[in-house]
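The values are calculated or read from the model by the stated rules, or taken from the named source; none is laboratory data. Here the structure is a predicted model, which means the values were calculated and not measured. Here Cβ is always computed from backbone atoms with ideal geometry, including for glycine, and neighbour counts include all displayed protein chains. Heads up: the accessible areas ignore ligands, DNA and RNA and are worked out on the full protein's heavy atoms, side chains in. Shrake-Rupley method; radii C 1.70, N 1.55, O 1.52, S 1.80 Å.
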Amino acid sequence: MSSIIQLLPDHVANQIAAGEVVQRPASVVKELLENAVDAKATDIKLIIKDAGKSLVQVIDNGSGMSVTDARLCFERHATSKIRQAEDLFSLHTKGFRGEALASIAAIAHMEMKTKQEQEELGTHIIIEGSKFVSQDVAVLPKGTSFAVKNLFFNIPARRNFLKSETVEHRHIVDEFQRVALAHPNIHFTYYHNGGELFNLPQSNFRQRIVNIFSGKTNEKLVPVHEDTEIVSIQGFVSKPEFAKKNRGEQFFFVNDRFIKSGYLHHAVMAAYEGLLKDGAQPSYFLYLSVPPHTIDINIHPTKTEIKFDDEHALYAILRSAIKHSLGQFNVAPVLDFDRDSNLDTPYNYQNKEASTPTIQVDGNFNPFSDDKPNKHFSTHRKTDNASSWESLYVGLKHDTDSSLEGELAQHTITDIADIEFESEEVTGSLFDENEIEHSGNRTYQIHKKYIVNPIKSGIVIVDQQRAHQRILYEQFLTNMTVHQASSQQLLFPINLFFSSTEMELISELQLSLVNTGFVFEDANDDHVVISGLPVNVSEGEASIVLEQLLSDLQDGIPESSFSQNDSIAKSMAKSLAVKTGSYLTEKEQENLVNGLFACKEPNVSPFQKPTFITMRVEDLDKKFAI
Ligand code: ADP
Ligand code: MG
């Protein structure tokens, strides 16, 4: 039989390699930014159009390339960063594989301009799908510019698999932030669709973090310092009270390279032991320096995971360093000698009374407290007979044959919903005190989790958290789609600070949020001024609701306004619903049950989990018969 093995042509091999290196526009951003850093640039500009689908461009003022190198850099395994295998153990650069440019050039239209400082003229190359289209001399500034257009033009399947612009853009911002955080000594600017999204002047670590994640971050940070033979650690962790619900701001850098490590994350969490509420996540920005020969970066193609020689020691050192910092902070304010005076409050503001109310979460806030109208359970929808939902059964029984009751009890839950939703819109509180008091039908809360209520046919057991989610969800949806949302005006507008990416999401969502009852007086680079809130959101809850919403929509805002409203209503219902573990007074229990059965779909939570179950007397009888 004849031989069948052949060497793949270079452009095919490059396309295959590209699959590993370039998953999405953000991968191109990462590679180009890292090359610029490796070229010792002090000023790097990132220009993106349409979330990288039309253009990714990186302009640096680094070393530039000679004419020969300008041509060679597109070859596979062409690198200036290592010469022999041993060099792998003393790496000080981001790249070393010599694969990135060859891979990108294989699947995009690429234009490169580069000039070294000592040269008079530079080189201008156009390469498309690995084919050199042109090479010219050109008058250029020192440094290099790579423009990548029409990514995946020759791999339509890949192009079609790209997610929405919001998602792709989110990935790009992530990569940008990782590189920018690792190199505060470099000036970075980032333009998206012509607008400047970040402008990060040369600074120190602390200021870089603050510049990226907004001014409010500064007061949250506690410095961490540790120097040992194995590792030296510096950076910041957030004070426990600023822990968030999502893991957005957690960064490890090892020798200036962003890495992911579940193990080290665990070490950080261990340091916070006992200081965080369940599920709360601290922010951290930790810079570890280790001798290059004690790590192996080679184990992951995109190099965000690395292997350490002595992981156990690293774990212990990291944990105790953070514990120490947090402890110090708790006992006395930490003396922070690195403190940047630019971040301090300007003198004339120091003794001023704050004019905007601070945003504090009121730990004692009880949505069900008796001394104010229970806005959480007041709803726009009300059935004429919903003040005691059980009367539906009673009523039916009266004007129908009694056998129907048994039949009704056997109906699926959906049937209850059908019957129930004869409801007409009547404004006002669902809960009418007198009627409930006279109904003589007690509800019982068990394990601060379920509400049990006798009904004609047996008992109903309601899951309080899910039921409340359903009620709130329908309220929000109705407000957003049907009603003019009612909102409560705030006496003093509140300022909420967000990072620029978060601000971008908020501005995209603004219209839907306004429909829920939010009133935005102003939106800025890093904060929004809110002068009105939806009726069922208290001042203290405003930031929680928005943070949860941003974290729920991290993977992208749904395209259609219908599903956008749906996501917002779900997220807000989740944030605001009374939780398992909350004690409810009897009145609140009744209110909850009534509210649930006035809903369009009372049988499931917005997340499709059952909200209640019923048990017929016959079922109980059967159990006792055994
Ligand atoms: P690697 O970074 O792994 O070496 P790349 O394919 O990313 O591989 O780049 C190939 C080579 O091109 C680099 O080793 C470097 O010599 C050169 N190069 C790439 N980008 C730049 C840049 N922005 N400035 C100067 N040289 C660059
Ligand atoms: Mg590289």
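Among 77-83, 447-453, 545-551, how do they line up from the highest to the lowest mean number of other beta-carbon atoms within 10 Å?
Listed from highest to lowest mean packing, they are 545-551, 447-453, 77-83.
State, as an integer percentage, the relative contact order of segment 1-120 based on alpha-carbon contacts under 8 Å between residues 6 or more apart.
Relative contact order comes out at 30 percent.
Using label points projected 7 Å from each Cα along Cα→Cβ, tell me how many nm separate PHE562 and GLN84, to one decimal.
A separation of 6.7 nm, rounded to one decimal place.
Between LYS622 and TYR583, how many nm apart are label points set 7 Å from Cα along the C-beta direction?
Label-label distance for LYS622 and TYR583, simple model: 3.8 nm.
Over segment 205-328, what relative contact order in percent results from Cα pairs under 8 Å that are six or more residues apart?
29 percent
Among 231-242, 254-265, what's the highest-first ranking by average C-beta atoms within 10 angstrom per residue?
231-242, 254-265
Subtract the Cα-Cα distance of LYS277 and HIS225 from 0.36 nm times their separation in residues, and report this length gain in nm to one decimal.
Value of the extension gain: 16.2 nm.
Assign one of three labels to segment 205-328, namely rounded, prolate or oblate, based on the Cα gyration tensor with a ≥ b ≥ c the square roots of its eigenvalues; rounded applies when a/c is under 1.5, prolate when it is not and a/b is larger than b/c, and oblate otherwise.
It comes out prolate by the Cα gyration axes.
At a 10 angstrom cut-off on C-beta neighbours, averaged per residue, how do the peptides 286-297, 103-114 rank from highest to lowest?
The packing order, highest mean first, is 103-114, 286-297.
Accessible area per residue of segment 444-614 at 1.4 Å probe, in Å²?
Spelled out: the 1.4 Å probe surface of segment 444-614, per residue, equals 39 Å².
Figure the gain on full extension for LYS163 and ALA523 (residue separation times 0.36 nm, minus the Cα-Cα span) and round it to one decimal in nm.
Using 0.36 nm per residue and subtracting the Cα-Cα distance, I get 126.8 nm.
In whole Hz and in residue order, list the ³J(HN,Hα) couplings for segment 462-479 that follow from phi through the Karplus curve 6.51 cos²θ - 1.76 cosθ + 1.60, θ = phi - 60°; x for Gly and Pro.
10, 7, 4, 5, 5, 4, 5, 4, 4, 4, 5, 4, 5, 4, 5, 4, 4, 4
Run the accessible area of segment 10-200 with a 1.4 Å probe and give the carbon-and-sulfur part as a rounded percent.
On segment 10-200, the fraction of accessible area on carbon and sulfur atoms equals 51 percent.
Would you please classify the overall shape of segment 36-115 from the alpha carbon gyration tensor, given that a ≥ b ≥ c denote the square roots of the eigenvalues, rounded means a/c under 1.5, and beyond that prolate means a/b larger than b/c while oblate covers the rest?
prolate
Each residue of segment 606-613 in turn: what ³J(HN,Hα) in whole Hz from Karplus with 6.51, -1.76, 1.60 and θ = phi - 60°, glycine and Pro shown as x?
Once θ is set to phi - 60°, the couplings for segment 606-613 become x, 9, 6, 9, x, 9, 7, 10 Hz.
On the accessible surface of segment 443-588, probed at 1.4 Å, how many percent belong to carbon and sulfur atoms?
Accessible surface attributable to carbon and sulfur in segment 443-588 totals 51 percent.
Considering only protein heavy atoms, what per residue accessible area in square angstrom results for segment 10-200 with a 1.4 angstrom probe?
Here the per-residue accessible area is 44 Å².
Can you list the HN-Hα couplings for segment 231-241, worked out from phi with the Karplus curve (6.51, -1.76, 1.60; θ = phi - 60°), rounded to whole Hz and with x for Gly and Pro?
For segment 231-241, the Karplus-derived couplings read 8, 10, 10, 9, x, 9, 10, 8, 4, x, 5 Hz, x marking Gly and Pro.
Compute the distance from the alpha-carbon center of segment 463-502 to that of segment 125-195, in whole Å.
38 Å
Using label points projected 7 Å from each Cα along Cα→Cβ, tell me how many nm separate ASP69 and GLN328, to one decimal.
My value for the distance between the label points is 4.2 nm.
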